[in-house]
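Comments concern the structure below.
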Amino acid sequence: MKKNTKKLEEEIVALRKQIDQLIQKETKETWLDSSAIKTKFNISESTLYRMRKNNQIPYTKFGRRCLYPSSFFDKSLVQKLQNKELM
């Protein structure tokens with residue numbers, strides 16, 4: 001019985017560490033507003049709306065504002081630059 005209890009305690013500690021790591025990773029994410037995305041990618045408000053509506057880009061609503069994770073767009077920008085080099 002003591003072995004099982006000790007094993008469960010160790011698993012709980014390991015899970016807590018994993019949860020803490022995930023929380024830290026999530027809180028490090030920076031978010032951009034619509035104007036920053038439109039400027040960075042040179043797209044219009046309607047294009048941004050259409051991309052949101054079609055689930056082409058991740059976003060979250062904060063009040064009436066839409067916020068976008070910068071990590072997604074950083075990856076997209078790198079891919080866009082790489083594609084231009086191929087042409």
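Taking amide H atoms as placed 1.01 Å from N in the peptide plane, the amide H of Leu32 lies under 5 Å from those of Tyr68, Ser70, each 5 or more residues away in sequence or on another chain. Scalar couplings 3J(HN,Hα) for the stretch 59-72, obtained by applying the Karplus form with A = 6.51, B = -1.76, C = 1.60 to θ = phi - 60°, are 7, 9, 9, 10, x, 9, 8, 9, 10, 10, x, 5, 4, 5 Hz; x denotes Gly and Pro.
In what sequence, highest mean first, do 45-51, 32-38, 60-66 appear when ranked by Cβ atoms within 10 angstrom?
Going by the mean number of other Cβ atoms within 10 Å, highest first, we get 32-38, 45-51, 60-66.
No lab work stands behind these numbers, since they all come straight from the coordinates. Since we're looking at a predicted model, the values are computed, not measured. For neighbour counting, all protein chains shown are included, and Cβ atoms are generated from backbone atoms with ideal geometry for every residue, glycine included.
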